[in-house]
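Beneath this line is the structure, given in structure tokens, with notes to follow.
The values are calculated or read from the model by the stated rules, or taken from the named source; none is laboratory data. Computed from a prediction, not measured in an experiment: that's the story for all the values here. Quick reminder, even Gly has a Cβ in these numbers, built from the backbone with ideal geometry, and neighbours come from all protein chains shown.
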Amino acid sequence: MSDEEDDIILAELSDDELTLQMHDDLYDGLKEEIIEAVNILLGRGWTPYDVLTKALVEGMRIVGIDFRDGILFVPEVLLAANAMKGGMFILKPLLAETGAPRLGRMVIGTVKGDIHDIGKNLVTMMMEGAGFEVKDLGINNPVESYLEALVEEEADILGMSALLTTTMPYMKVVIDTMVENGIRDDYVIMVGGAAERGIRQGHRGRCLLSRCRRGG
Ligand code: B12
């Protein structure tokens, strides 16, 4: 960090300057600065919803673009997501009070036999940042966990993550069970990780696939 950046006093910036600074600070994964800036904007009378969308979500949108284009890598994105989480921690209770518009509810989890969760955690944060309520079931989820959570959370979207060739087919097991139970069309299903082949095994329906990453 340059001396010039060290000298920035967030409280002295105008609203516009502070918002742009927050985009930079998210990009650099500066959690303490994000927390300070969120509190400053709230203190200036910004609604929690405006702080979320104009400062945090917009900042993460820029991070997402550079991640997609290979300019940022996983460790940097995790730092940015962690900084975003710091801001979200302050805003979450306030948003609940002020009734900011929620886009929908999602249940997400890594499938049975699989402990990879970095991608899932990123998706969770991105979805929360985009205005969805997300129930994260963690790793190693059997079909029963997904089905129970969908009902309990009154969810609209099911998200599944699987990184191993041995666990990918389990996504199909979950979907097939939903078909058998006659509830498949009640939900949008999003799958990610090494999803491509796993889901191509003869399933039809509303599915959103993330881009598949290969290699190691
Ligand atoms: C980190 C890692 C681990 C860590 C996991 C730590 C953690 N907390 O997640 C540890 C060390 C624990 C691990 C363990 C193992 N791993 Co591993 N691991 C990886 C590695 C290097 C990176 C995965 C990762 O986090 N990528 C970064 C994230 C951001 O990417 P992502 O997960 O793909 O997520 C993105 C998208 O897929 C998508 N996405 C993900 N989930 C979802 C969900 C939804 C709903 C949506 C919309 C999108 C979405 O969004 C994300 C952002 O773009 C991969 C190699 C690779 N390049 O993928 C191997 C890899 C997945 N592992 C592999 C293996 C073999 C194993 C082990 C079996 C090794 C062993 N012998 O013990 C164990 C498995 C344990 C188990 N039962 O799960 C193999 C799998 C091979 C295969 N064909 O099955 C890989 C491919 C490495 C390799 N080339 O051999 N692993």
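Sort out which residues of the range 163-196 are within 8 Å of the ligand (Cβ to nearest atom) and touching an Asp or Glu at 6+ places or on another chain (Cβ under 7 Å), and write them in order of number.
LEU163, LEU164, THR167
Cβ contacts < 6 Å: first residue within 19 Å of ILE71 (Cβ to Cβ), restricted to the range 21-38; second residue of a type in the set (Asp, Glu) and part of a helix (DSSP H, G or I), any location; separation 6+ or different chain. Result?
ASP25/GLU33
Of the residues that make up the range 56-72, is at least one crowded, with 17+ Cβ neighbours inside 10 Å, within 27 Å of ILE9 (Cβ to Cβ), touching a Lys or Arg at 6+ places or on another chain (Cβ under 7 Å) and not charged (D, E, K, R)?
no
Please verify whether the range 7-27 includes one or more residues that are surrounded by fewer than 17 Cβ atoms within 10 Å (Cβ to Cβ), polar (S, T, N, Q) and under 30 Å from ALA162 (Cα atoms).
no
Would you confirm whether or not the range 94-117 contains a residue that is more than 30 Å from ASP186 (Cβ to Cβ), crowded, with 16+ Cβ neighbours inside 10 Å and over 18 Å from the mean Cα position of the chain (by Cα)?
Yes, that holds for at least one residue.
Here is a list of conditions, (1) modelled with pLDDT under 95; (2) among the aliphatic types (A, V, I, L, M); (3) in a helix (DSSP H, G or I), and LEU72 meets all of them except one; can you say which number that is?
(3)
For the range 6-23, enumerate the residues that are in a loop (DSSP other than H, G, I, E, B) and closer than 17 Å to VAL63 by Cα. Quick ask: steps written out before the conclusion?
At the first step, the residues of the range 6-23 found to be in a loop (DSSP other than H, G, I, E, B) are 7-9, 13-14.
Correct list: empty.
When you check GLY205 against the structure, is it more than 10 Å from the ligand (Cβ to nearest atom) and either β-branched (Val, Ile, Thr) or modelled with pLDDT under 85 (or both), yes or no? Talk me through it step by step, then tell me what you get.
Values: more than 10 Å from the ligand (Cβ to nearest atom): yes; either β-branched (Val, Ile, Thr) or modelled with pLDDT under 85 (or both): yes.
Yes; evaluated as a whole, the condition is true for this residue.
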